[in-house]
1. Inside the stretch 137-151, can you point out the residues that are in contact with a strand residue (DSSP E or B) (Cβ under 7 Å, 6 or more places away or on another chain) and either more than 10 Å from residue 59 (Cα to Cα) or surrounded by fewer than 19 Cβ atoms within 10 Å (Cβ to Cβ) (or both)?
2. Please specify each residue of the stretch 267-287 satisfying the condition of being under 13 Å from residue 185 (Cα atoms), surrounded by fewer than 22 Cβ atoms within 10 Å (Cβ to Cβ) and of a type outside the set (Gly, Ala, Ser).
3. Residue 186 is checked against (1) within 21 Å of residue 76 (Cβ to Cβ); (2) buried (at least 19 other Cβ atoms within 10 Å of the Cβ) and fails just one. What number does that condition carry?
4. In the stretch 156-207, how many are part of a loop (DSSP other than H, G, I, E, B) and hydroxyl-bearing (Ser, Thr, Tyr)?
5. Which of the residues belonging to the stretch 236-259 are at pLDDT below 90 and touching an Asp or Glu at 6+ places or on another chain (Cβ under 8 Å)?
6. Being assigned to a loop (DSSP other than H, G, I, E, B) and of a type in the set (A, V, I, L, M) is the filter here; which residues of the stretch 208-230 pass it?
7. Tell me, please, whether a residue that is more than 15 Å from residue 261 (Cα to Cα), modelled with pLDDT of 95 or more and loosely packed, with under 15 Cβ neighbours inside 10 Å can be found in the stretch 217-234.
Amino acid sequence: MRPQLLLLTFAAGSAFACSGVDGRSGLDEPFRVHDATFYAGELPGTPPVVVGSGEEQVPPITSSGTPSKSDIRQGLSSVRFTGQSTDDSDAVAVRFDGVGTGYWILPTLYEDVQTPNTLIWSLVADFQLSFEPGLHRMLTVAIDADGNAGTQSEMTVCVNSLVPDNGNACYPTQAPPGVVFSLEWDAAADLDLALVMPGGEIIDWRTPVSGTPDASGNIDLGASGVGKLQRDGNADCQIDGRQREDIVFQASPVPGTYLVYANLNRACGEAHVTYDAAYYARTRDGDSFGQARGEIGAGTLLPRQAGAKLGTFVGDITVN
């Protein structure tokens with residue numbers, strides 16, 4: 001039986017060490033900090049002070065830090081956070097509340113010449129694919145030379161989904177696209193997603209947008225039946241690290257059968273590439289939206305299969 005895509009809404013080792021776990025662990029943590037030491041357990045220090053409560057912070061004190069990128073998502077690597085702490089701090093510890101099994105510690109760096117009695121700290125971190133998208137509390141705390149931790153500082157960080165969702169993972173009342181067709185693969189190769197629409201129109205890297213342009217040459221991406229390829233992943237073996245492509249229909253696709261292909265454009269030196277194709281349909285429960293995943297197909301491609309116009313047929317989806 002062919003799968004049916006129903007476009008309906010439905011419910012949906014140091015002085016400040018606080019654990020015996022050594023610094024070689026943490027490689028599988030959803031949030032991984034470069035050149036830092038990982039310890040299991042909850043972040044030390046006292047909880048963040050509630051604004052207006054009249055409570056005083058316990059020294060040493062640190063800020064929560066400022067990220068180098070405004071659009072943080074699953075799988076994003078090398079995101080830098082920079083902050084300040086009082087000059088009685090030797091180190092800063094950081095974790096995301098409820099994410100992973102512990103926290104990371106790294107030393108403070110140097111005096112902030114623009115702000116007396118403060119030190120700069122900086123970290124570079126990876127948000128692994130296992131990091132659940134949504135709004136998260138990032139907690140930081142300063143630690144002095146005797147291992148005493150002060151009051152934690154907090155900041156809310158939106159971690160976006162790897163699947164295009166218009167920010168729905170962080171803001172559930174924000175509607176995601178009507179449908180997203182996705183192709184993911186496991187090697188640094190130039191793989192392409194191609195979609196043949198019911199009327200024969202093709203969306204791929206050559207023709208990344210469907211629909212008819214208006215008099216000014218523009219296509220309304222919010223119109224029914226208009227789909228767009230978000231990016232050409234690893235194009236011409238210029239490896240971008242994403243290893244996925246998505247074709248997004250902001251509104252509902254037109255009814256009919258959609259044919260999905262995976263094309264190994266270039267193997268880029270890889271012996272084989274394993275792929276998985278899926279679709280994500282908008283769901284609704286009252287004022288909240290979500291995305292429901294459906295499988296299309298999976299397989300493996302070899303270098304000798306590279307260069308086909310459409311590629312390998314993966315599966316078809318019928319839109320009602």
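The values are calculated or read from the model by the stated rules, or taken from the named source; none is laboratory data. Treat the numbers as computed from the prediction; the structure is a model and nothing was measured. Backbone-built Cβ (ideal geometry, glycine too); neighbour counts: all protein chains shown.
1. If the condition is that a residue be in contact with a strand residue (DSSP E or B) (Cβ under 7 Å, 6 or more places away or on another chain) and either more than 10 Å from residue 59 (Cα to Cα) or surrounded by fewer than 19 Cβ atoms within 10 Å (Cβ to Cβ) (or both), then 137, 138, 139, 140 are the ones that fit.
2. Of everything in the stretch 267-287, those that are under 13 Å from residue 185 (Cα atoms), surrounded by fewer than 22 Cβ atoms within 10 Å (Cβ to Cβ) and of a type outside the set (Gly, Ala, Ser) turn out to be 270, 272, 274, 276.
3. Failed condition: (2).
4. Residues of the stretch 156-207 that are part of a loop (DSSP other than H, G, I, E, B), as a first pass: 161-178, 186-189, 197-201, 204-207.
Now narrow it down to the ones that are hydroxyl-bearing (Ser, Thr, Tyr): 161, 171, 173, 207.
Looking only at that region, the number is 4.
5. Within the stretch 236-259, 236 is the sole residue that qualifies.
6. Of everything in the stretch 208-230, those that are assigned to a loop (DSSP other than H, G, I, E, B) and of a type in the set (A, V, I, L, M) turn out to be 215, 219, 221, 223, 226.
7. Scanning the stretch 217-234 turns up no residue that is more than 15 Å from residue 261 (Cα to Cα), modelled with pLDDT of 95 or more and loosely packed, with under 15 Cβ neighbours inside 10 Å.
Okay, residues lined up against (1) assigned by TED's automatic domain parsing to the domain that holds residue 181; (2) farther than 30 Å from residue 171 by Cβ; (3) surrounded by fewer than 21 Cβ atoms within 10 Å (Cβ to Cβ):
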| residue | (1), (2), (3) |
| --- | --- |
| 247 | yes, no, no |
| 263 | yes, yes, no |
| 305 | yes, yes, yes |
| 310 | yes, yes, yes |
